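Trainee: Please read through the structure below; I'll follow up with questions.
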Protein chains: 2
Amino acid sequence: MNPIFEKLTPWLDKAYALNSALVLFEWDNETEAPEDASELTARAIETLSNEYYETIINADVKKLLKQLSSETDLDAKEKAIVKDLQKQYDSMEPIPQKEYKAYQGLTARASSIWSRAKAADDYSQFAPTLKEIINYQKKFIDYRLKAGKSKMKPYDLLLNDYEEGFTMKELDDFFETLKKDILPIIHMVTEKKDKINKDYNYRLYPVALQKDFNRMLAEHVGFNFKRGVMKESVHPFTTNLHNRDVRITTAYDEHNLESAIFSTIHESGHALYEMHIADDLTGTPAGCGTSMGMHEGQSRLFENNLGRSTAFWVPLFQKLKDTYPDSLSDIDLDHFILGINKSSPSLIRTESDELTYSLHIMVRYEVEKMIFEENADIDKLSEIWNKKYEEYLGVTPEKDSKGILQDIHWAGGSFGYFPSYALGNAIAAQIYAHLKEAMPLDDYLEKGNFQPVNDYLKEHIHRFGKTKTTNEILNDMTGESFNPKYYTEYLKDKYETLYKNL
Amino acid sequence: MNPIFEKLTPWLDKAYALNSALVLFEWDNETEAPEDASELTARAIETLSNEYYETIINADVKKLLKQLSSETDLDAKEKAIVKDLQKQYDSMEPIPQKEYKAYQGLTARASSIWSRAKAADDYSQFAPTLKEIINYQKKFIDYRLKAGKSKMKPYDLLLNDYEEGFTMKELDDFFETLKKDILPIIHMVTEKKDKINKDYNYRLYPVALQKDFNRMLAEHVGFNFKRGVMKESVHPFTTNLHNRDVRITTAYDEHNLESAIFSTIHESGHALYEMHIADDLTGTPAGCGTSMGMHEGQSRLFENNLGRSTAFWVPLFQKLKDTYPDSLSDIDLDHFILGINKSSPSLIRTESDELTYSLHIMVRYEVEKMIFEENADIDKLSEIWNKKYEEYLGVTPEKDSKGILQDIHWAGGSFGYFPSYALGNAIAAQIYAHLKEAMPLDDYLEKGNFQPVNDYLKEHIHRFGKTKTTNEILNDMTGESFNPKYYTEYLKDKYETLYKNL
């Protein structure tokens, strides 16, 4: 180990321990803590968060990072850790601690203001808080750009936090391609959508039976219950302490068969990434997925490219029918495959289908760009939002709860985060195209054999953690950097084939 | 707030936050963490434990405690916090940190060595580790006595850690009384025990039904699910983050009706104590039960004095029968009450009945006294143990797993802890006698009305946390300090009445 890097390890250990505690508190809060607990527990969480801040942002760490920046003999792991720590440092240090704390308090309160406004269907109740959050964000961007003597554009800085190297230039191109290639498919599909009868999906599927089926499904795709936990929460998510403790949740609705199924497969995709991180990286800042987009690439690959394919359901469909004999007696595999791939432009992102999903993201991307680059009037965001939905998806929200108030992200200060969802879709398609070349993928799926898929993903993507960037991984694996054409081609092929005989 | 005390608050907040994280990790480990997680998670836990140690044991806290020791205007809360912190300080500071860490590592490993020895039924596999633990304990006692210039006897120091003011002098008297008063009752009961047929208890009680019944039972005695969680673990326990987050576990055996029922009532007794701590104390070192014995006093009161009474089961027995119509069809309330109060000297403490329980503790107390006061040969402890069981309970363990290896406590270094279980029994009986005077207790129980009981316990015991000692609480409430005669009288009355007509 590099001797200067070695001096950093006590700080890393402490940061890891504090972060683990924070992860566990969040997991507990979402899945188990009693109703009345949160206010008092928040005191402990706040103290631990401050401890974490001070463990990363202090004169000793600053000095070590400076020394390490000129070290030439760091190995890949050390380099990745230093890079990640430097990134955290650069994004937090320029912000006065007092303002940072005030901002944290604001976002902590904001989520309940957002949920009340959503319940009241009234954006104007949330707008003043959103304005405050955005003002802080703009101020923080300013501090960071000045400290880094950077000429980066404000929104590019935010985008870079989530997906390095994907700035507005790349994303404008990306969304332009999507618009050009996806909109015609949507028009073709929208005309025919009523030919697919999906009523079966809303029959009765008892939650107790769903629990068993979904646990089996997670296991089927490779989720290792010796290293993982599966539970319930209102919004499904994945979290982890290290590569031997990875946790997912799902949510059950007894009148929606698909909802839990695809969220289970989706979260399992995230979980497998974290379970496959190399042992020498786990528990360090480099020991997790390399980026939001690559993470979403894994979950979307499992959920959509694999999980909505015929081959995937060949070994499972009879089990599904056996689980719910009454509700699925009249449905065959072909009907089910059409059902889970039915596309229909809609208002809600999290309920949208594979084909229209990225357009929901495009709306958010364009609105965020207007906020940070064009000083958009925050009070008018609801109208802007609605117009864009009309333009891209042909549907108009009649209520704010179905429009601008649908997502929690902005209440938590997450700007620049949404595009990684769309990037994830494109990354998934690129990996999927490659897997089809690299192995007899459909044969494996038809046999219910996920081992070769997981071995391959582990070997070429997962185990590296943050020691490789998204593009390094894609290049080394497929011989090509990020390329959205696989995504649009995949959608075109898929929907043309599916709708051919309708 | 006293201005010097105010300077202590950042340390208290940090210690509280770290301790909360450690509590949550332990809860998670016992109830949810995946099988393969523990080794890696232990790294984070160890780091947080060291942080906790350094938050309490440092020059700043030492100085503040010294200054506070001469402050005269501290209020009850401040006094209790300073006292508790001073106690933690005095017990940890004299021990060199290196030895403390090595000892922590030893006890962490010891539990698996203990469980392997228990599985192999071979005390000699555990004895060397136990010897090491005891040697550390003796060394630590030595450090502490020297630092405090104390002439206390070694075992008294340990006893005092768990129950202030109850040294060997008090406990020798206490156990003498028990021996004298309880042994004759046991002889009377043992002769008649075969007249109670308890076969019904081992019929089939499906776990899913038990879960519902036990949840209802916890609610019945006052457990507030808005402030609490109930889950499963191998060994039932209670833990809490603060007074709005109190958690209990139970363990289900489909061929043992009683097992989960009485552990649920027992843990609910512990939980109610913590739920009723005053709001201005919770989250501070004074914001929990005042002592082990008083805590056990609450759990035993609920489990035995209340939970095994006829009045308790009047409003519940029909519900119990309705829950398990097949297995309880031929059992009436009188039979059930005899069943749950059947006494029969046995080998295992945790499975023992109310009457013989304290004799199990007496054996452990005498063995611990021999270890710390008479330098007993650790290799011979198994034989000593077995002889004492023969003498007091009339049964001899044929295997170490049913003898000296049955409890995990010593593997964790908990010496001096066991007597608080017996003290708890006596405290429970003293409170029970008082409650019968203070209110129409049986009327309330027969109506299933626990509110007056809980209100009374909250008002006179629970809310004070550590601002009153065990004896202060007993004195203020009953006009008398700890007095074991209530316990022996209670047992005598109860068993004479129960066995009168057999």
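The values are calculated or read from the model by the stated rules, or taken from the named source; none is laboratory data. Just so we're clear, the structure is a prediction, and the values are computed from it rather than from any experiment. We place every Cβ from the backbone using ideal geometry, glycine too, and count neighbours over all the protein chains shown.
Trainee: Go through the residues of the stretch A:36-47 one by one and say whether even a single one is within 14 Å of chain B (Cβ to nearest Cβ), over 27 Å from B:E51 (Cα atoms) and modelled with pLDDT under 95. Spell out how you get there, then give the answer.
Mentor: Quick first cut of the stretch A:36-47, residues within 14 Å of chain B (Cβ to nearest Cβ) only: A:36-47.
After this cut, where a residue has to be over 27 Å from B:E51 (Cα atoms) as well, the list is A:36.
Subsequent filtering for residues that are modelled with pLDDT under 95 retains A:36.
Checked against the condition, which is being within 14 Å of chain B (Cβ to nearest Cβ), over 27 Å from B:E51 (Cα atoms) and modelled with pLDDT under 95, the stretch A:36-47 yields at least one hit.
Trainee: Is it the case, given these coordinates, that B:T129 is hydroxyl-bearing (S, T, Y), modelled with pLDDT under 95 and either over 20 Å from B:H409 (Cα atoms) or in contact with a helix residue (DSSP H, G or I) (Cβ under 6 Å, 6 or more places away or on another chain) (or both)?
Mentor: No; evaluated as a whole, the condition is false for this residue.
Trainee: Something else: For B:K342, only one of the following conditions fails: (1) crowded, with 17+ Cβ neighbours inside 10 Å; (2) without any contact (Cβ under 8 Å) to a residue 60 or more places away in the chain; (3) assigned to a loop (DSSP other than H, G, I, E, B). What is its number?
Mentor: Going through the list (1) crowded, with 17+ Cβ neighbours inside 10 Å; (2) without any contact (Cβ under 8 Å) to a residue 60 or more places away in the chain; (3) assigned to a loop (DSSP other than H, G, I, E, B), B:K342 breaks only (2).
Trainee: In the stretch B:103-123, which residues are among the hydroxyl-bearing types (S, T, Y) and closer than 21 Å to B:E383 by Cα?
Mentor: Taking the stretch B:103-123 as the starting set, the residues that turn out to be among the hydroxyl-bearing types (S, T, Y) are B:103, B:107, B:111-112, B:115, B:123.
Listed by number, the residues that qualify are B:S115, B:Y123.
Trainee: Looking only at the stretch A:13-34, decide whether some residue is farther than 30 Å from B:T284 by Cβ, surrounded by fewer than 17 Cβ atoms within 10 Å (Cβ to Cβ) and either touching a helix residue (DSSP H, G or I) at 6+ places or on another chain (Cβ under 7 Å) or of a type in the set (D, E, K, R) (or both).
Mentor: At the first step, the residues of the stretch A:13-34 found to be farther than 30 Å from B:T284 by Cβ are none.
Checked the stretch A:13-34: no residue is farther than 30 Å from B:T284 by Cβ, surrounded by fewer than 17 Cβ atoms within 10 Å (Cβ to Cβ) and either touching a helix residue (DSSP H, G or I) at 6+ places or on another chain (Cβ under 7 Å) or of a type in the set (D, E, K, R) (or both).
Trainee: Could you please give the count of residues in the stretch A:142-168 that are closer than 17 Å to A:M370 by Cβ and part of a helix (DSSP H, G or I)? If you could, list the steps in order and put the result at the bottom.
Mentor: Step one: of the stretch A:142-168, the residues closer than 17 Å to A:M370 by Cβ are A:153-159, A:167-168.
Those still in the list that are part of a helix (DSSP H, G or I) too: A:154-159, A:168.
Here the count works out to 7.
Trainee: What number of residues in the stretch B:1-25 are closer than 13 Å to A:I45 by Cα and within 7 Å of another protein chain (Cβ to nearest Cβ)?
Mentor: 7
Trainee: OK, next. In the stretch A:388-441, which residue that is part of a loop (DSSP other than H, G, I, E, B) and polar (S, T, N, Q) is surrounded by the most Cβ atoms within 10 Å (Cβ to Cβ)?
Mentor: A:Q406
Trainee: Counting just the residues of the stretch B:193-228 that are of a type in the set (A, V, I, L, M, F, W, C), more than 19 Å from the chain's Cα centre (by Cα) and within 13 Å of chain A (Cβ to nearest Cβ), which one comes out surrounded by the most Cβ atoms within 10 Å (Cβ to Cβ)?
Mentor: Applying the filter and picking the extreme gives B:F225.
Trainee: May I pose another question? Taking the condition over 23 Å from B:D212 (Cβ atoms) and surrounded by fewer than 23 Cβ atoms within 10 Å (Cβ to Cβ), does B:S358 pass? Even if it seems obvious, please write down each step before you answer.
Mentor: Numbers: over 23 Å from B:D212 (Cβ atoms): yes; surrounded by fewer than 23 Cβ atoms within 10 Å (Cβ to Cβ): no.
So B:S358 does not fit the description; no.
Trainee: Within the stretch A:348-370, is there a residue that is farther than 23 Å from A:P184 by Cβ, assigned by TED's automatic domain parsing to the domain that holds A:T488 and not in a helix (DSSP H, G or I)?
Mentor: yes
Trainee: I need the full set of residues from the stretch A:284-317 which are within 14 Å of chain B (Cβ to nearest Cβ) and surrounded by 24 or more Cβ atoms within 10 Å (Cβ to Cβ), in order please.
Mentor: Within the stretch A:284-317, A:G287 is the sole residue that qualifies.
Trainee: What's the total number of residues in the stretch A:90-111 that are surrounded by 14 or more Cβ atoms within 10 Å (Cβ to Cβ) and touching a Ser or Thr at 6+ places or on another chain (Cβ under 8 Å)?
Mentor: Within the stretch A:90-111, residues that are surrounded by 14 or more Cβ atoms within 10 Å (Cβ to Cβ) and touching a Ser or Thr at 6+ places or on another chain (Cβ under 8 Å) number 3.
Trainee: Return yes when B:T177 is in the same structural domain as B:T470 (by TED's automatic domain parsing), assigned to a helix (DSSP H, G or I) and more than 23 Å from B:G416 (Cα to Cα) and no when it is not. Spell out how you get there, then give the answer.
Mentor: Details: in the same structural domain as B:T470 (by TED's automatic domain parsing): yes; assigned to a helix (DSSP H, G or I): yes; more than 23 Å from B:G416 (Cα to Cα): no.
Taking the combined requirement at face value, the residue does not satisfy it.
Trainee: Pairs, please: C-beta under 6 Å, at least 6 apart or cross-chain, first residue in the same structural domain as A:D253 (by TED's automatic domain parsing) and in the stretch A:204-227, second basic (K, R) and part of a loop (DSSP other than H, G, I, E, B)?
Mentor: A:R227/A:R244
Trainee: Further, regarding this structure: Just give me the residues in the stretch A:66-82 being under 19 Å from A:T467 (Cα atoms), in a helix (DSSP H, G or I) and in contact (Cβ under 8 Å) with a residue 40 or more places away in the chain, in sequence order.
Mentor: Of the stretch A:66-82, the ones under 19 Å from A:T467 (Cα atoms) are A:68-82.
Filter again for in a helix (DSSP H, G or I), leaving A:68-69, A:76-82.
Matches in the stretch A:66-82: A:L68, A:A76, A:K77, A:E78, A:K79, A:A80, A:I81, A:V82.
Trainee: Could you tell me which residue of the stretch A:442-489 is surrounded by the fewest Cβ atoms within 10 Å (Cβ to Cβ), considering only residues that are over 24 Å from A:A278 (Cβ atoms) and acidic (D, E)?
Mentor: For the stretch A:442-489, the residue satisfying everything is A:D443.
Trainee: Going by the conditions given, is B:E351 modelled with pLDDT under 95, acidic (D, E) and surrounded by fewer than 22 Cβ atoms within 10 Å (Cβ to Cβ)?
Mentor: Working: modelled with pLDDT under 95: yes; acidic (D, E): yes; surrounded by fewer than 22 Cβ atoms within 10 Å (Cβ to Cβ): yes.
So B:E351 passes the test.
Trainee: To continue, here is another question. Based on this model, can you work out whether B:K139 counts as outside any helix (DSSP H, G or I) and more than 25 Å from the chain's Cα centre (by Cα)?
Mentor: Against the criterion (outside any helix (DSSP H, G or I) and more than 25 Å from the chain's Cα centre (by Cα)), B:K139 does not qualify.
Trainee: So, one more: Just checking, which of B:E368, B:E351, B:E383 is farther than 25 Å from B:F223 by Cα, of a type outside the set (S, T, N, Q) and without any contact (Cβ under 8 Å) to a residue 24 or more places away in the chain? Give the steps one after another, and end with the answer.
Mentor: Values: B:E368 fails: without any contact (Cβ under 8 Å) to a residue 24 or more places away in the chain; B:E351 fails: farther than 25 Å from B:F223 by Cα.
Exactly one of B:E368, B:E351, B:E383 is farther than 25 Å from B:F223 by Cα, of a type outside the set (S, T, N, Q) and without any contact (Cβ under 8 Å) to a residue 24 or more places away in the chain, namely B:E383.
Trainee: So A:G148 ticks every box in (1) out of contact with any Pro (no Cβ under 9 Å at 6 or more places or on another chain); (2) not assigned by TED's automatic domain parsing to the domain that holds A:H360 but one. Which box is left unticked?
Mentor: (1)
Trainee: Something else: Would you tally the residues in the stretch B:240-265 being in contact with a strand residue (DSSP E or B) (Cβ under 9 Å, 6 or more places away or on another chain) and either over 17 Å from B:H220 (Cα atoms) or within 14 Å of chain A (Cβ to nearest Cβ) (or both)?
Mentor: Here the count works out to 11.
Trainee: Determine which single condition A:D28 fails, assuming it passes every other condition in (1) farther than 27 Å from A:T290 by Cβ; (2) at pLDDT 95 or above; (3) over 26 Å from the mean Cα position of the chain (by Cα); (4) within 14 Å of chain B (Cβ to nearest Cβ).
Mentor: (3)
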